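The values are calculated or read from the model by the stated rules, or taken from the named source; none is laboratory data. Bear in mind that the values here come from a model prediction, so they are computed numbers and not experimental data. Cβ placement follows ideal geometry from the backbone for every residue including glycine, while neighbour counts extend to all protein chains displayed.
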Amino acid sequence: MTSTQLQGKVSLVNFWATSCTTCVAEMPEIVTTYNKYKDRGYETMAVAMSYDPPSYVVNFAQTRQLPFKVAIDNTGSVARAWGEVQLTPTTFLLNKRGEIVKRYVGAPNFAELHQLIEKLLAES
């Protein structure tokens, strides 16, 4: 999955792990954000880290009913492609051209994130 595949929509890419307490704590906010903007051309992708057991990831996605795509980065290639992501959570916000606008390490300030999403959605 590359940033060019996300062109045409404002996208959030979240690198996370089931063993990361901050990731688990912020996930409901990521879901709320997705639900708030999905009808306006906003996409979310949660990328589970290579060390996360796939069964844990699938179980988490199902029990929490995550409404967006969840990818399992079993080889670590996605994390490498996004600049050697090692810390979780690491979140990228992309504009409609697939360009990275913001990178958050740790939980984002969601009020600020929403303002930025609004601004990016308004761009033609």
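Things worth noting here:
- Residue that is surrounded by 13 or more Cβ atoms within 10 Å (Cβ to Cβ) and out of contact with any His (no Cβ under 7 Å at 6 or more places or on another chain), where the choices are LEU66, LEU87: LEU66
- Contacts under 6 angstrom Cβ, first residue in the stretch 91-115 being farther than 19 Å from LYS36 by Cβ and in contact (Cβ under 8 Å) with a residue 12 or more places away in the chain, partner surrounded by 14 or more Cβ atoms within 10 Å (Cβ to Cβ) and aromatic (Phe, Trp, Tyr), 6 or more apart: ILE100/PHE92; ARG103/PHE92
- Residues considered: GLU123, GLU84. Of these, the only one that is of a type outside the set (S, T, N, Q), at pLDDT below 95 and more than 18 Å from LYS9 (Cα to Cα) is GLU84.
- Filtered by the rule that a residue be surrounded by fewer than 19 Cβ atoms within 10 Å (Cβ to Cβ) and either in contact (Cβ under 8 Å) with a residue 24 or more places away in the chain or in contact with a Cys (Cβ under 9 Å, 6 or more places away or on another chain) (or both), the stretch 35-44 gives ASN35, LYS36, LYS38, ARG40, GLY41, GLU43.
- Hey, THR22 under 19 Å from GLN62 (Cβ atoms), over 11 Å from the mean Cα position of the chain (by Cα) and surrounded by fewer than 17 Cβ atoms within 10 Å (Cβ to Cβ) or not: no
- Condition broken by VAL10, with the remaining ones in (1) free of Cβ contacts under 8 Å to residues at least 12 places away in the same chain; (2) more than 20 Å from GLN65 (Cβ to Cβ) satisfied: (1)
- Residues of the stretch 13-31 satisfying the condition of being touching a residue at least 40 places away in the same chain (Cβ under 8 Å) and out of contact with any Leu (no Cβ under 8 Å at 6 or more places or on another chain): ASN14, PHE15, TRP16, ALA17, THR18, CYS20, THR22, CYS23, ALA25, GLU26, GLU29
- Looking across the stretch 90-120 at every residue that is among the aromatic types (Phe, Trp, Tyr) and under 11 Å from LEU12 (Cα atoms), the one that is surrounded by the fewest Cβ atoms within 10 Å (Cβ to Cβ) is identified as TYR104.
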